[in-house]
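**Q** Pasting in a structure now, in structure tokens, and then I'll have a few things to ask.
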Amino acid sequence: MPSSKLSSRLLRFTFFVFILLSSCTPASTAAQTSTPPPSLETRNVELETPTLTPETWNVELETPTPTPETWNVELETPAPTELPDTDILTLAQKDRLNQIAQTFLASTQEEARQVAERINYMIYPDPSNMCGPLAIAELREAGLLSRYVDPHDFWLMRPDANAELLLKTFPEDRFEHYRFKQPTNEFDFKEFPLKAGDFLYLYAGKGGTFEHILTVTRVDEQGRAYTITNLNTQPFPNYYYIIREVMLYDPSQPGVGQFYEWTDGSKNNWIGLTGYGGFEVWRFKTPVQDFSSAELQLADKLDSIFADAGGEWHSVILDLEAGRVVYSRLGADAVHIASVVKVPIAMLLFKSLEAKGIPADELPSYLESHGNGFLLSEALHDMLVNSDEKAAESLLEYVRQSGLNIANTLSEWGAPNVNVFRRAAPLDEIARLFAGLYQGEFIQPEARQMILDWMSEYTPNDDTRLGVLRSLLPADGKIYNKRGTITDERLVIGDAAIVTWDSHTYLILIFGYPGETPTNDLKLAAAIEQSALAFWDFAK
């Protein structure tokens, strides 16, 4: 083989290796396409058409987590050609984000490696590919995302391959999502200025060598946007990564800023190029709830209890009177909810009767005289009080045959991911259903009261799990609960309860499953009881 061809191939191979080593996320053909991921809700925005405001979704719950957003927030839908002109984050939250981001700065590659180890997103982290974990850690540590968001999930994250992760971390009810096709060096940031807290994915595009992920950590009074991110500062083969604050753009000086450095092939080709393929933005659109010190202490206590018990835990606690999320741990993850699904089934049953036109005042007599080989009144009692499986199956089939669109109904109730047939659901959405039931949002008042009466009916094992609160409540206190238990083939131990006394009303959902740390049903049940007592110390 001629030496010139060998040298040429060796050079191309060497350059390819460099690209991989210097990339936060390696560029790919899929990443360079202008078509957004089909499984994400996106806004395909052209620079000349600034109609960027998406529809507003109703907020139901804050997810995951000890930093969830305010619950039940109503927003006005902006005019179609307007962009939001106010920041959702408060000044204190933006200051906190900036201050937290500053703690990740690293002026040497060794310091950058130590930061990567601190984020703890993999066994052998490297500052060359930490952009996703770093961007997420900045938001998480600032209390703007759930404390349970795992930075490892964002290591080499790609929107086309990780759509479910992005939808879970940035749910549509709390985040706007935009997809811009223009290269960053051509984009008009006067038309669409970035905001503190924006989470960005930069596409390499044609001519680019890597994808990059960053969080806008601050915007100054002149409208200049900044990020603190990992940067390569030396060309191949002596690539050298640090973590630095850089200005992304200056609206008064087009061509100045990191967005333009990353797209300047004449100067930075051997350091790395990105942004030619445009970018995506995930932006807060509802207020972010800041947790009180007492709520954070409760979260620490519950986390400790769950860690000692082993297994994997999912939990949501809401203060229904204050409209606050007290605690949320992995509430956006779909999990098996066992017999807790029987409460939504009962709600659907009554909704089907309402759709049939059964008058509310005739519900008791109708339940006692109708069914399909069984009486509805007896089946409802058996399902909700005795947790009878046959009754649950019969009632669900009755609802299905009634013609009620179960999926649409649940979606209208704010629970589109609840599957009553597979008994799988995010606890956030189950919490939404329980809260809506108690607050009289979804079904007729008479139907609501019947379900609550059955949920509060005492049976001998009602003093266990969250039921340990029963003996601690004052005389006017009440518990409406439904437990979930599976010990054959799989292990699920959970409880869901609305607890009310004096002027207090809380909704508590706690579920334990097998996890990386060994556990068993006794440990899971005991942990729920310990958690209930920790909650009582917080709330009483």
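The values are calculated or read from the model by the stated rules, or taken from the named source; none is laboratory data. Being a predicted model, the structure only gives us computed values, none of them experimental. Note: ideal-geometry Cβ built from the backbone for every residue, glycine included; neighbour counts use all protein chains shown.
**Q** Would you mind stating whether F199 is among the hydrophobic types (A, V, I, L, M, F, W, C) and surrounded by fewer than 20 Cβ atoms within 10 Å (Cβ to Cβ)?
**A** no
**Q** Does any residue of the range 518-528 turn out to be surrounded by fewer than 23 Cβ atoms within 10 Å (Cβ to Cβ), in contact with a Phe, Trp or Tyr (Cβ under 6 Å, 6 or more places away or on another chain) and in contact (Cβ under 8 Å) with a residue 12 or more places away in the chain?
**A** No, there is no match, as no residue in the range 518-528 is surrounded by fewer than 23 Cβ atoms within 10 Å (Cβ to Cβ), in contact with a Phe, Trp or Tyr (Cβ under 6 Å, 6 or more places away or on another chain) and in contact (Cβ under 8 Å) with a residue 12 or more places away in the chain.
**Q** Going by what's in this entry, would E245 be described as under 24 Å from F104 (Cα atoms), acidic (D, E) and under 25 Å from the mean Cα position of the chain (by Cα)?
**A** No: the conditions fail for E245.
**Q** How many residues, within the range 281-317, are among the acidic types (D, E) and closer than 24 Å to L97 by Cβ?
**A** So the count comes out to 4.
**Q** Enumerate the pairs (first residue in the range 200-213 and under 11 Å from E280 (Cβ atoms) and at pLDDT 95 or above; second residue anywhere and assigned to a loop (DSSP other than H, G, I, E, B) and of a type in the set (A, V, I, L, M, F, W, C)) with beta-carbon separation below 7 Å, excluding pairs fewer than 6 apart on the same chain, so at least 6 apart or on different chains.
**A** E211/C24; E211/A27; E211/A204; I213/C24; I213/M157
**Q** Considering only the range 153-172, I want to know if a residue exists there that is acidic (D, E) and part of a loop (DSSP other than H, G, I, E, B).
**A** Yes - at least one qualifying residue is present in the range 153-172.
**Q** Please pick out the residue among E362, E354, E393 that is closer than 30 Å to R490 by Cα and either among the small types (G, A, S) or not in a loop (DSSP other than H, G, I, E, B) (or both).
**A** Just one listed residue meets the conditions, E393.
**Q** Next question. In the range 391-402, is there at least one residue being modelled with pLDDT of 95 or more and loosely packed, with under 13 Cβ neighbours inside 10 Å?
**A** Yes, some residue in the range 391-402 is modelled with pLDDT of 95 or more and loosely packed, with under 13 Cβ neighbours inside 10 Å.
**Q** If I filter the range 355-376 down to residues being surrounded by 18 or more Cβ atoms within 10 Å (Cβ to Cβ) and in contact with a Phe, Trp or Tyr (Cβ under 9 Å, 6 or more places away or on another chain), which single residue comes out as farthest from Q444 (Cα to Cα)?
**A** Restricting to residues being surrounded by 18 or more Cβ atoms within 10 Å (Cβ to Cβ) and in contact with a Phe, Trp or Tyr (Cβ under 9 Å, 6 or more places away or on another chain), the top hit is L376.
Residues checked against (1) closer than 21 Å to S315 by Cβ; (2) of a type in the set (G, A, S); (3) assigned by TED's automatic domain parsing to the domain that holds A307:
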position	(1), (2), (3)
W454	no, no, yes
R483	yes, no, yes
I486	yes, no, yes
G494	yes, yes, yes
V499	yes, no, yes
L509	yes, no, yes
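**Q** Would you point out the residue of the range 100-137, among those that are buried (at least 20 other Cβ atoms within 10 Å of the Cβ) and assigned to a loop (DSSP other than H, G, I, E, B), that is nearest to the chain's Cα centre (by Cα)?
**A** Per the stated criteria, the residue is Y121.
**Q** Ok, one more. Restricting attention to the range 451-510, which residues are in a strand (DSSP E or B), of a type in the set (K, R) and surrounded by fewer than 20 Cβ atoms within 10 Å (Cβ to Cβ)?
**A** Matches in the range 451-510: K478 only.
**Q** Could I ask something else about it? Would you mention how many residues in the range 106-165 are polar (S, T, N, Q) and either assigned by TED's automatic domain parsing to the domain that holds V325 or closer than 21 Å to R218 by Cβ (or both)?
**A** Of the residues in the range 106-165, 1 are polar (S, T, N, Q) and either assigned by TED's automatic domain parsing to the domain that holds V325 or closer than 21 Å to R218 by Cβ (or both).
**Q** While we're here: What tally of residues in the range 419-447 results from selecting those that are touching a residue at least 24 places away in the same chain (Cβ under 8 Å) and assigned to a helix (DSSP H, G or I)?
**A** So the answer is 14.
**Q** For the range 188-239, which positions are of a type in the set (S, T, Y), in a loop (DSSP other than H, G, I, E, B) and within 27 Å of the chain's Cα centre (by Cα)?
**A** Of everything in the range 188-239, just one residue is of a type in the set (S, T, Y), in a loop (DSSP other than H, G, I, E, B) and within 27 Å of the chain's Cα centre (by Cα), namely Y203.
**Q** Another one. Count, please, the residues in the range 257-277 that happen to be surrounded by 15 or more Cβ atoms within 10 Å (Cβ to Cβ) and outside any helix (DSSP H, G or I).
**A** Residues that pass the stated criteria total 11.
**Q** Might you check whether a residue that is closer than 21 Å to M130 by Cβ, out of contact with any Asp or Glu (no Cβ under 6 Å at 6 or more places or on another chain) and surrounded by fewer than 23 Cβ atoms within 10 Å (Cβ to Cβ) occurs anywhere in the range 181-193?
**A** no
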